[in-house]
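Here's the structure, in structure tokens; my notes come after.
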Amino acid sequence: MTGHAIVIGGGIGGLAAAVALRRIGWRVDVLERVPAFGEVGAGLSQSPNAMRALAELGLADQAEAASMPTWATHAMRLPSGRHLMRAPAGGRPPLRAFRRAALHRLLLQALPEDVVHTGVEVTGLAQDSGKVTVTCTTGRREADLVVGADGIHSLTRRLLWPHAPAPRFLGYTAWLGLAGTSIPVSGSITLGRGRYFLIHPVAPSQVYWALGTAADRPGVRFDDEPEQVRRRVSGWHDPIPALLEATPSEQVRHIDIHELPDLPAYTSGRIALLGDAAHAMSPDRGQGAGQSIEDAVVLAAALAAGASVPAALDAYDARRRPRTQAVARGARQAGHQMIDAGPISHALAVLALRVTPSTLWARLAPRALGPLWDWTPTALHPSLT
Ligand SMILES: Cc1cc2nc3c(=O)[nH]c(=O)nc-3n(C[C@H](O)[C@H](O)[C@H](O)COP(=O)(O)OP(=O)(O)OC[C@H]3O[C@@H](n4cnc5c(N)ncnc54)[C@H](O)[C@@H]3O)c2cc1C
């Protein structure tokens, strides 16, 4: 089955959906409200499941070239610098880290120029049994399928389910930055009490860092945000001070962490939600964007195999909702363990990590993350893969 799809939102999820749909022969228009894409965000990591989904989009080489190998869960330290867990010498890092803009750009470059329409905001949706009508700031358009990839505050979701619960604050806040430096780093997490500092190399002379810390309420902002980071990790081990020093102030972002409560459905008729619009999650498993890329591949596979758009969307919902909601639960628990742990839980977690030999951890961590990282996509189009 082929047809014409409108994708609302040109973030990582929306662009991945457009690439996937084009691979199965659909005509696609992406409507994005921002007038132009800039250097969006800081960095992110992608785990093996997400890299396989990118490969299914035909982007394996581009993704490899745009990212750096990195460790995180296997290389844990205390603020003093003491190693709780060392990455195995000579081992292959399980993750790839990207500048967020680099991942976004490689998806954008996989699309012809006339597919993505920036500066177009969607304001309304209506559907009957044969088509969906999208109202936007440039008029009305019709499509066989609409994909709502419009992020955590999705208008598509609010129009479909006006009474669905709003995103909820998870009780922590994060500062993110991109340091321009060639200090060699290989990816690590430093565990303090109620806060953690994550480091990923994203390019030969760029390092992404994130500080997550508990917060009573969202929306608290400071005149000097970099100073707030320095204050919270004062005395922490090298290279943290040097990374902060090498981060221009304008490269420091402060965001509050929210998640979307589980939705009862991701689809309605000819409209599907995808990415954060469907399942915005805590960043603590590094999965939000990766899950949106998985969504894109599964959606296209369901459409390629489906007898009708609504039937294909039912199959998409059945495959994606259980997995993404389980991933979101795991991410919430992981964040809770790192951020909300009281002094006793923190001490016990540190002790457990300290007494686990790195070689054992290197075997245990992939096993614990197995169901998440082992995901393998259905081939989208045998003749293209
Ligand atoms: C601190 C932090 C760290 C993270 N780290 C990772 C990580 O390491 N790995 C990972 O995989 N994920 C990570 N994530 C999650 C990831 O960033 C998101 O899950 C992902 O970017 C969501 O992409 P999306 O396309 O669904 O939504 P978005 O990126 O929010 O894109 C939505 C787009 O829709 C547009 N839009 C909205 N409304 C309209 C409208 N009405 N009309 C037209 N356009 C509209 C917006 O302008 C936007 O461009 C992290 C998130 C956070 C907060």
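Quick note: the coordinates plus some simple rules give every number you see, no bench work behind them. Keep in mind it's a predicted model, so treat the numbers as computed, not measured. Positions of Cβ are backbone-derived with ideal geometry, glycine not excepted, and every protein chain shown enters the neighbour counts.
Helix 358-368 sits at what angle to the longest principal axis of the chain, using alpha carbons and giving 0 to 90 degrees rounded to 10?
20
Rank the residues Phe169, Phe98, Phe222 as a footprinting-exposure proxy: fewest other Cβ atoms within 10 Å of their Cβ go first.
Listing Phe169, Phe98, Phe222 from fewest to most nearby Cβ atoms yields Phe222, Phe169, Phe98.
According to a simple spin-label model (label point 7 Å from Cα along Cα-to-Cβ), what is the distance in nm between Arg27 and Glu113?
Between Glu113 and Arg27, the label points sit 2.0 nm apart.
How do Tyr208, Tyr266 rank when sorted from fewest to most other Cβ atoms within 10 Å of their own Cβ?
Neighbour counts put them in this order, fewest first: Tyr266, Tyr208.
Over what distance in Å are the Cα centres of region 92-140 and region 3-51 separated?
4
Does region 1-124 come out rounded, prolate or oblate by the C-alpha gyration tensor, with a ≥ b ≥ c the root eigenvalues, rounded set by a/c under 1.5 and, if not, prolate when a/b is larger than b/c and oblate if not?
Because a/c hits 1.5 or more and a/b exceeds b/c, region 1-124 counts as prolate.
Are there GluC sites (Glu not before Pro) in region 31-85 that DSSP puts in a loop and that have at most 16 other Cβ atoms within 10 Å, and which ones?
Here the sparse-neighbourhood loop sites are Glu39.
Would you calculate the separation in nanometres between label points at Asp61 and Ala164, each defined as 7 Å from the Cα along the Cα-to-beta-carbon direction?
3.8
Springs between alpha-carbon atoms under 10 Å, Gaussian network over the chain: tell me which of Ala210, Ala352, Ala304 tops the mean-square fluctuations.
Answer for the Gaussian network model of the chain: Ala352.
How large is the helix-only mean residue ellipticity at 222 nm for the chain, computed as the sum of -39500 (n - 2.57) over DSSP H runs with n ≥ 4, divided by its residue count, in deg cm²/dmol to the nearest 500?
-10500 deg cm²/dmol
What's the exposure ranking of Ser234, Ser186, Ser292, going from fewest to most Cβ atoms within 10 Å?
Least crowded to most crowded, the residues run Ser234, Ser186, Ser292.
Using +1 at the C-beta of Lys and Arg and -1 at the C-beta of Asp and Glu, which of Ala307, Ser205, Val355 has the Cα lying farthest in the positive direction of the dipole of the chain?
Going by the Cα projections, it comes out as Val355.
How are the alpha carbon pair distances in the chain distributed across 20 Å bins from zero to the largest one, expressed in percent?
Percent of pairs per bin, in order: 28, 57, 15, 0.
Exposed loop sites here are trypsin sites (Lys or Arg not before Pro) in DSSP loop states with at most 14 other C-beta atoms within 10 Å. What is the longest stretch of the chain lacking them?
By the stated rule (loop sites, at most 14 other Cβ atoms within 10 Å), 222-385.
Taking the 0 to 90 degree range and rounding to the nearest ten, how far is the long axis of helix 309-339 tilted relative to the main principal axis of the chain, both from C-alpha atoms?
10
Give me the distance between the Cα centres of region 220-275 and region 59-80, rounded to whole Å.
18
Compute the relative contact order of the chain as a whole-number percentage, counting only Cα pairs closer than 8 Å that sit 6 or more residues apart in sequence.
Dividing the mean separation by the residue count of the chain yields 24 percent.
Please work out the C-alpha center-to-center distance from region 150-179 to region 294-347 and express it in whole Å.
Rounded to whole Å, the Cα centres lie 15 Å apart.
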